[in-house]
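Below is one structure, written out as structure tokens; the observations come after it.
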Amino acid sequence: VGEVRRADPCGWMRRTRKPHGSRRKTSATRGTRCILPTFLLYVLLIRMATPIIRPAITSDHPAIVELYNHYIAHTPITFDIEPYTLEKRGPWFAQFSDEGRHRLLVMTIDDALVGYAGSMPYRPKAAYITTVETSIYLQPDMHGRGYGAQLYEALFDAIKGEDIHRAHAGITLPNPQSIKLHERSGFAKYGVQNEVGRKFAKYWDVVWMEKKL
């Protein structure tokens, strides 16, 4: 039986062996190995790790609610007190559309939710129709990677052609990361509500920021 040779994915890259007495290998060539599979694996991993931003769909709802419930239970970032069920959070999810002023975008990596950003009605009275309130949430271990800025950029690109005059955002203090994100996204502070909410047996201030659209 003839010798079975293993497949060599880099065979086409290897040089033909030189005759006896040819130039000896240098330390550099001696350590040379096929890097093609490693390179392809790296490219594949980069592609897999690339975040995707898209409009939210119904199947995103459970992950969005789970993320929001984390912030309800562990932070004063939201003034909701009780965690939401999918049914209870349904009307909030239903207010968004792929068109118009009120959008909801998600960021995913490998189909896992990284975060979401939305533009919502600011107030129910009719004259407020050209103003939206924005909200953005990221997974706790996804901060500091520029994902928030990417989400906000995509959100404002999505609503760019809509009849919107101002975007407002309320931020529970202290939250320097969120304030920095909003400032980088074109928001400016315009007022603080002192001790406007009570959560975890403590009163919290809220700073309001606005962006001209």
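Just a few scattered comments:
So that you can scan it fast, the table gives a plain yes or no per residue for (1) charged (D, E, K, R); (2) within 15 Å of residue 102 (Cα to Cα); (3) at pLDDT 95 or above:
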| residue | (1), (2), (3) |
| --- | --- |
| 148 | no, no, yes |
| 156 | no, yes, yes |
| 168 | no, yes, yes |
| 183 | yes, no, yes |
| 186 | no, no, yes |
| 191 | no, no, yes |
| 201 | no, no, yes |
| 209 | no, no, yes |
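- Taking the criterion of being small (Gly, Ala, Ser) and surrounded by 18 or more Cβ atoms within 10 Å (Cβ to Cβ), the residues of the stretch 103-122 that qualify are 115, 117, 118, 119.
- Of all the residues in the stretch 130-158, those that are free of Cβ contacts under 8 Å to residues at least 12 places away in the same chain and not small (Gly, Ala, Ser) number 3.
- Of residues in the stretch 54-102 being of a type in the set (Gly, Ala, Ser) and more than 19 Å from residue 197 (Cα to Cα), the one surrounded by the fewest Cβ atoms within 10 Å (Cβ to Cβ): 59
- For residue 186, the requirement of being surrounded by fewer than 13 Cβ atoms within 10 Å (Cβ to Cβ) and part of a loop (DSSP other than H, G, I, E, B) is not met.
- Considering (1) among the acidic types (Asp, Glu); (2) under 19 Å from the mean Cα position of the chain (by Cα); (3) outside any strand (DSSP E or B), the lone condition that residue 80 does not fulfil carries the number (2).
The values are calculated or read from the model by the stated rules, or taken from the named source; none is laboratory data. Source: prediction; values computed, not measured. Reconstructed Cβ throughout: ideal geometry from the backbone, glycine too, with neighbour counts over all protein chains shown.
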